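Here is the structure we will look at.
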Amino acid sequence: MFFGQIVLFGLAGLLFFLSLLLKPRLFYPLLIFSVISTSGLMIKGHCFVDEFFLACILGGGLAALLLRRTSSGQEKMTTASRVPKRLFVVFALYMIAQSVRGIVLWEDWRIFRWLVYYFMLGSLVCLLPFRDFSFHGQDKDRMLLLMGKSAFLGFILYLGFGVYCEKVLGISRFALQGIDWAGSAYAVFPLVIGIPVGVVLINKTGKYQLLGALLFLLMMIVALYYDSRTACLVILALIISSVSAVKWTKTAALLLCFSLLVFVFHGLKDPSLRKEHIDNFCKGLAKSSVALWSPPASDLDRSSHLKASASAVEENWKVFFFGYGVHSHRVVMKKYLEPIYKKCLPDVELGEITRTMFFPALLVDTGWCGILLIVLNFMCCGLELFRLTRWRLGTYRYVLLAALGIISLWPLVSNIQDVVLFYFLIMPGGPLVLIAGHERPENQKIYEN
């Protein structure tokens, strides 16, 4: 199976590369498709698939530029438009420097992966302004349709993987998570783009509306099938935040559909305990919704990691500002977790390697400077979304800003540092910006000449 995966993904990557040599304008569509549909796919417990496809797409794009198969012209940008790009480049360069620091400190060649990873992200944001690589020359309706289809494909594969495990292999749908597919908190991350796209699609007619409805139905089924409270909360929050962009009847229909599916998944398990199952589900959602701000006793593990990471960077001013270097959290945090675990979780044993969430890992690895840079990138993305959705009241401003807010909270739930989609969503020229500009008046331009 491992060899088959390598061959399959290798051929797909080669196809992407050759397609861009022949038709460079496929750069953005292929980027959208690969980043959204493969988020969460794993090979032997490693999420390399989206990174590999990104490398093939970047390689194809650069080859097309060098062979002069595409125009080297770029969209003209205002000073304000240049700031987000430059800020993201600064973040990428900072992370590259921290990767080099980690390699030198720990003498671990595996950290070289992160150096290449952040180099690719920095290269991507530099290539997106090229006319043939950006979304400005693309048909925005087709791009929305492609995003919807990519999200649909990703979630149908994830759902099919669980059904295959249970019905064919005879094991739990959770048994191979972390080996062939990421865990549910990681795998459902594409919801943050799938739902905003679904909202735009159901506002249209014909095939667009049908795809939007099917996408919402599939996302709800996946969330309930994998019993992911995070996914359920994201779905509910983004549906409610879309009330200014869609008719209230559509919002009500989506909420009713979700309620019916909850009844199907939890109310039909055991008819005699139907009320108890549904009550437990609703109480679980309520507890999860406040867990980020006030972790309960059952979630002390996460709060312990947050406290330990803060203590780890208080050693001296250097680590406070710059951390210990990429990948250092896996070793450094144990020292600071031990006293907390002895007091709060005495029955839990710590391994030699610490696995934690995105935020503690980034803080320990890069210090508060790394946190500041990622926060500034979120702020720039938020301001751009706000600017592009100011034209009329019925815009997608609130659902997009809500999605951005949820993306910013995800690092407190799971370690998605190696998810290309996370960075693609907040970088200038990313999918959220594309959706925000979808309803802009035709005489207005994102980039001014």
**Report entry** The one condition in (1) touching a Leu at 6+ places or on another chain (Cβ under 7 Å); (2) surrounded by fewer than 23 Cβ atoms within 10 Å (Cβ to Cβ) that Ile235 fails to fulfil
**Finding:** (2)
Query raised in the report: Is it fair to say Ala223 is at pLDDT below 95 and either under 22 Å from Tyr398 (Cβ atoms) or surrounded by 17 or more Cβ atoms within 10 Å (Cβ to Cβ) (or both)?
Result: yes
Report task. Evaluate the following for Ser39: is it polar (S, T, N, Q) and buried (at least 19 other Cβ atoms within 10 Å of the Cβ)? Result -> yes
Requested in this report: Identify all residues within segment 7-20 that are crowded, with 16+ Cβ neighbours inside 10 Å and either modelled with pLDDT under 90 or among the acidic types (Asp, Glu) (or both); write none if there are none.
Outcome: Phe9
Query raised in the report: Of these, Leu425, Leu421, Leu400, which one is touching a residue at least 24 places away in the same chain (Cβ under 8 Å), touching a Ser or Thr at 6+ places or on another chain (Cβ under 9 Å), closer than 23 Å to Trp181 by Cα and assigned to a helix (DSSP H, G or I)?
Result: Leu421
Query raised in the report: When you scan segment 39-75, how many residues do you find that are at pLDDT below 90 and among the β-branched types (Val, Ile, Thr)?
Result: 2
Query raised in the report: When residues of segment 94-139 are filtered for being assigned to a helix (DSSP H, G or I) and more than 24 Å from the chain's Cα centre (by Cα), how many remain?
Result: 8
Query raised in the report: Only one of (1) under 17 Å from Val413 (Cα atoms); (2) in contact with a Gly (Cβ under 6 Å, 6 or more places away or on another chain); (3) not small (Gly, Ala, Ser) is not met by Leu233, so which one is it?
Result: (2)
Query raised in the report: in contact (Cβ under 8 Å) with a residue 12 or more places away in the chain, among the β-branched types (Val, Ile, Thr) and not in a helix (DSSP H, G or I) - does that describe any residue in segment 64-83?
Result: yes
Report task. Kindly indicate whether Glu338 is part of a loop (DSSP other than H, G, I, E, B) and either surrounded by fewer than 18 Cβ atoms within 10 Å (Cβ to Cβ) or in contact with a strand residue (DSSP E or B) (Cβ under 6 Å, 6 or more places away or on another chain) (or both). Result -> no
Query raised in the report: Of (1) assigned to a helix (DSSP H, G or I); (2) in contact with a Leu (Cβ under 9 Å, 6 or more places away or on another chain), Leu146 satisfies all except one. Which?
Result: (2)
Requested in this report: Just give me the residues in segment 309-331 being part of a helix (DSSP H, G or I), in contact with an Asp or Glu (Cβ under 9 Å, 6 or more places away or on another chain) and crowded, with 22+ Cβ neighbours inside 10 Å, in sequence order.
Outcome: His329
Requested in this report: Starting from residues that are at pLDDT 95 or above and out of contact with any helix residue (DSSP H, G or I) (no Cβ under 7 Å at 6 or more places or on another chain), keep the ones in segment 341-378 and report whichever is surrounded by the fewest Cβ atoms within 10 Å (Cβ to Cβ).
Outcome: Val375
Query raised in the report: Out of all the residues in segment 365-379, which are among the aliphatic types (A, V, I, L, M) and either more than 11 Å from Gln98 (Cβ to Cβ) or not assigned by TED's automatic domain parsing to the domain that holds Val331 (or both)?
Result: Ile371, Leu372, Ile374, Val375, Leu376, Met379
Report task. Determine whether segment 359-379 contains at least one residue that is touching a residue at least 24 places away in the same chain (Cβ under 8 Å), outside any helix (DSSP H, G or I) and of a type in the set (Val, Ile, Thr). Result -> no
Requested in this report: State all residues of segment 23-63 that are assigned to a loop (DSSP other than H, G, I, E, B) and either without any contact (Cβ under 8 Å) to a residue 24 or more places away in the chain or of a type in the set (Lys, Arg) (or both); if no residue qualifies, say none.
Outcome: Lys23, Lys44, Phe48
Query raised in the report: If Ile193 passes every condition in (1) within 22 Å of Gly405 (Cβ to Cβ); (2) part of a loop (DSSP other than H, G, I, E, B) but one, which one does it miss?
Result: (2)
Report task. Evaluate segment 121-141: report whether one residue or more is basic (Lys, Arg) and either under 30 Å from Phe322 (Cα atoms) or in contact with a Cys (Cβ under 9 Å, 6 or more places away or on another chain) (or both). Result -> no
Report summary line: Among (1) under 24 Å from Leu215 (Cα atoms); (2) at pLDDT 90 or above, Ala312 falls short only on (1)
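The values are calculated or read from the model by the stated rules, or taken from the named source; none is laboratory data. The structure displayed is predicted, hence computed values, not measured ones. As a convention, Cβ positions derive from the backbone with ideal geometry for all residues, glycine included, and neighbour counts pool all protein chains shown.
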